[in-house]
Amino acid sequence: MNFHLTPATEGLRSRLFHIIFESDTPGAKAFDIALIVAILVSVAVILLGSIEIYAERYGDIFFYTEWVLTLLFSIELLVRIYCLERPLLYLKSFYGIVDLIAILPTWLVLLVPGAHALVIVRLLRVLRIFRIFRLMAFVGEANLLIDALKRSLHQILLFFFSILMVVTLFAALMYTIESPEAGFTSIPMSMYWAIVSMTTVGYGDIVPATPLGKAITMVLMLLGYSIIAVPTGIFSAQVIRSIREDRHSEETCPGCGHEQHDKRARYCMRCGTWLDEDSEDPRKKDEEKQDED
């Protein structure tokens, strides 16, 4: 984000920009840490306010604290817009949208009762901690996982629909065997039972009463144990593949045809051939110099 945003002018707006959008000075770090503390306090107020006993005792404190924080966050957003040359660019960015959404619920509660709980979205603003504590290197690792998820999407979807078919078949079977008194009042309700049984959660609100139904339940639970690790294996295989591709290039050695060299490799690990075909092998220059000498 910082690579595209620029301060509006020199002077006060420029100084505010470096404090608010940068993190390489003591003042900027202090501002960011204070902002994260305020965000965490705001989220804690929302969480505690949803507990009846705390809401009864400290409801007024929660109310005024939330409004004070909302005013501070609103002022902060206005200052961010004020010190930018192109404020719309920031408002269209991820952090800009989150900052805007973070203050809207408290103001919306004046018009829409019940919107106050949406303030929990402020927790997303804590993502700024990656910039403050120089943790952006972990973003690359996150991209690797996202890439693995994209690659395994088709296999996971196929697995999901296969499981859905199995669940539907077992649900229809149990709906036929068991009575409504046991909880199997419809096929969708039986599908709920089948999913709970297959994942071995076992809430116990719907339980088969017949011996045949119990036998089918045992089969379904054992089947769940057998296939529950399948999506994990698919995803793990794609993660390994992404790691290999991230570390190795697809370039083939022109000398021996060996593949999967390290991206930083300059020579083939097998035959020693120069890999960069767009540039000349520096060893040739050395050989030419030796021949001239």
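Please find, among 220, 173, 169, 212, the residue that is more than 30 Å from residue 146 (Cα to Cα), of a type outside the set (S, T, N, Q), in the same structural domain as residue 148 (by TED's automatic domain parsing) and buried (at least 18 other Cβ atoms within 10 Å of the Cβ).
220
Scan the range 187-209 for residues that are surrounded by 12 or more Cβ atoms within 10 Å (Cβ to Cβ) and in a helix (DSSP H, G or I) and report the count.
Of the residues in the range 187-209, 11 are surrounded by 12 or more Cβ atoms within 10 Å (Cβ to Cβ) and in a helix (DSSP H, G or I).
Could you tell me whether any residue of the range 55-62 is in a helix (DSSP H, G or I), surrounded by 13 or more Cβ atoms within 10 Å (Cβ to Cβ) and touching a helix residue (DSSP H, G or I) at 6+ places or on another chain (Cβ under 6 Å)?
Scanning the range 55-62, I find at least one residue that is in a helix (DSSP H, G or I), surrounded by 13 or more Cβ atoms within 10 Å (Cβ to Cβ) and touching a helix residue (DSSP H, G or I) at 6+ places or on another chain (Cβ under 6 Å), so the answer is yes.
Spot the failing condition for residue 40; the list is (1) in contact with a helix residue (DSSP H, G or I) (Cβ under 9 Å, 6 or more places away or on another chain); (2) under 20 Å from residue 96 (Cβ atoms); (3) of a type outside the set (D, E, K, R), and only one is missed.
The number of the failed condition is (2).
Report yes if residue 44 is of a type in the set (Gly, Ala, Ser), under 19 Å from residue 83 (Cα atoms) and assigned by TED's automatic domain parsing to the domain that holds residue 72, otherwise no.
Answer is no for this residue.
The values are calculated or read from the model by the stated rules, or taken from the named source; none is laboratory data. Computed from a prediction, not measured in an experiment: that's the story for all the values here. Heads up, the Cβs are rebuilt from the backbone with ideal geometry, glycines too, and the neighbour counts pull from every protein chain shown.
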